[in-house]
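Before any comments, here is the structure.
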Amino acid sequence: MGQLAQPLNFMGTFYREVRQAIIDIETMFSILAQSPEILDTPGAIPLVVREGRIVFDNVSFHYEPNRPILKGVSFEAEPGQTVAIVGPSGAGKSTISRLMYRFYEPQGGRITIDGQNILDVTQESLRAAIGMVPQDTVLFNDSIGYNIRYGRWDASDEEVREAARLAQIDRFIESVPEAYEAQVGERGLKLSGGEKQRVAIARTILKGPPILILDEATSALDSFTEHDIQEALRRVAKGRTTLVIAHRLSTIVDADEILFLDHGRIVERGTHKELLALGGHYAGMWNRQREAAEARAKLLEAEREE
Ligand code: ATP
């Protein structure tokens, strides 16, 4: 038996490595599909994250010439701070996260992490330093446990469960018969948008990156899910420099700084309190969202009474 264990062990490792390679190829293709032109610059060196200070210095960007998307965007996220980017649809908010992850390169200005221009570092080291929780999380056709462990392959079962707990998805997982072994995808469990996002949060918790980018889902979630996700995000953002692309202002009232982006320019910046006092774009958007939320609540109440 002992003689068999060795080759079986080897086969296990081999299988995991092959599977990892396949996933890496998938990741690579999804990245290539978005940015075929982005290559490491000759002599690129690994990024060294000391504190996690992010600086956008006069960044300009367009996808197509003659259609500027970002026009001289400058801001700083201090180590451990949460900076929220808000503004109307199409203002360029998600573009900022795409530049940060280097799916695209700015045509003007520079983006640095702890003083290192992200164009001068290897993409592998950049992406290893950043945890991205996107709007729409794509899950692999595999078990839930696998989908969480994707954040860090050598994580123990205990660490996977702890990440699920912090992401507030543990109770959902434990409520299905196969728990962490339950298959997700076409032939398995169908997860809601909110559940998928919490799997992505658990994955990011496991990865433990010093920098986080959270792209809030545009679609409204029910208020319980919304609350759970906010709580999970708050936990994962603790002690990490975090950029939040937010659509619902109620989710970012505690941000250290809020940037209001309009037509590719930061037109207002400050804390929630400061921006409300300013009575400008942010305050207008806040009031509109609050009125809409109140109207929704009244409608729900009326429906319940019927
Ligand atoms: P939303 O709140 O709706 O998510 P946003 O502020 O995040 O919007 P971006 O996704 O950054 O906006 O897009 C900014 C602009 O760039 C939009 O007008 C969009 O149509 C355009 N855009 C986005 N991606 C591309 C692309 N790959 N090629 C060309 N134009 C693009």
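The values are calculated or read from the model by the stated rules, or taken from the named source; none is laboratory data. Here the structure is a predicted model, which is why all the values come from computation and not from measurement. Cβ coordinates were reconstructed from backbone atoms using ideal geometry, including for glycine residues, and neighbour counts include every protein chain displayed.
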Checklist entry - If you take the residues in the stretch 86-118 that are within 16 Å of the ligand (Cβ to nearest atom) and of a type in the set (S, T, N, Q), which one is farthest from residue 239 (Cα to Cα)? => result 107
Item to check | the stretch 233-263, residues that are hydrophobic (A, V, I, L, M, F, W, C), away from the ligand (no atom under 16 Å from the Cβ) and closer than 13 Å to residue 79 by Cα | outcome: 237
Item to check | Only listed residue being among the hydrophobic types (A, V, I, L, M, F, W, C) and either within 13 Å of the ligand (Cβ to nearest atom) or part of a loop (DSSP other than H, G, I, E, B) (or both), chosen from 83, 138 | outcome: 138
Checklist entry - Within the group 121, 133, which residue is under 23 Å from residue 239 (Cβ atoms), touching an Asp or Glu at 6+ places or on another chain (Cβ under 8 Å) and either of a type outside the set (Phe, Trp, Tyr) or free of Cβ contacts under 8 Å to residues at least 24 places away in the same chain (or both)? => result 133
Checklist entry - Across the stretch 212-260, what is the total count of residues that are closer than 25 Å to residue 127 by Cα and either at pLDDT below 90 or of a type outside the set (Lys, Arg) (or both)? => result 31
Checklist outcome for this item: Restricted to the stretch 109-142 and to residues being β-branched (Val, Ile, Thr) and under 26 Å from residue 216 (Cβ atoms), the residue surrounded by the fewest Cβ atoms within 10 Å (Cβ to Cβ) is 138
Item to check | Residue within the stretch 189-207 that is surrounded by fewer than 21 Cβ atoms within 10 Å (Cβ to Cβ) and closer than 22 Å to residue 127 by Cβ present | outcome: yes
Checklist outcome for this item: Here the residues within the stretch 167-181 that are at negative phi and crowded, with 18+ Cβ neighbours inside 10 Å are 167, 169, 170, 172, 173, 180
Checklist entry - So which residues in the stretch 248-299 are touching a residue at least 24 places away in the same chain (Cβ under 8 Å) and in a loop (DSSP other than H, G, I, E, B)? => result 248, 252, 254, 255, 256, 263, 264
Item to check | Cβ pairs under 6 Å, 6+ apart, first in the stretch 194-216 and farther than 13 Å from residue 129 by Cα, second part of a loop (DSSP other than H, G, I, E, B) and among the aromatic types (Phe, Trp, Tyr) | outcome: 203/150
Checklist entry - Mind checking whether some residue in the stretch 33-53 is at pLDDT below 50, loosely packed, with under 12 Cβ neighbours inside 10 Å and over 30 Å from residue 275 (Cβ atoms)? => result yes
Item to check | Members of the stretch 80-108 found to be without any contact (Cβ under 8 Å) to a residue 60 or more places away in the chain and on the phi > 0 side of the Ramachandran plot, listed by number | outcome: 90
Checklist outcome for this item: Being crowded, with 17+ Cβ neighbours inside 10 Å and under 25 Å from residue 133 (Cβ atoms) narrows 293, 246 down to just 246
Checklist entry - Could we say that residue 157 is among the acidic types (Asp, Glu) and in contact with a Pro (Cβ under 6 Å, 6 or more places away or on another chain) here? => result no
Next on the checklist: For a quick check of your reading of the model, give me the residue pairs whose first member lies in the stretch 59-79 and is at negative phi, whose second is within 13 Å of the ligand (Cβ to nearest atom) and charged (D, E, K, R), with beta-carbon atoms closer than 7 Å and at least 6 apart or on different chains.
Outcome noted: 60/71; 71/265
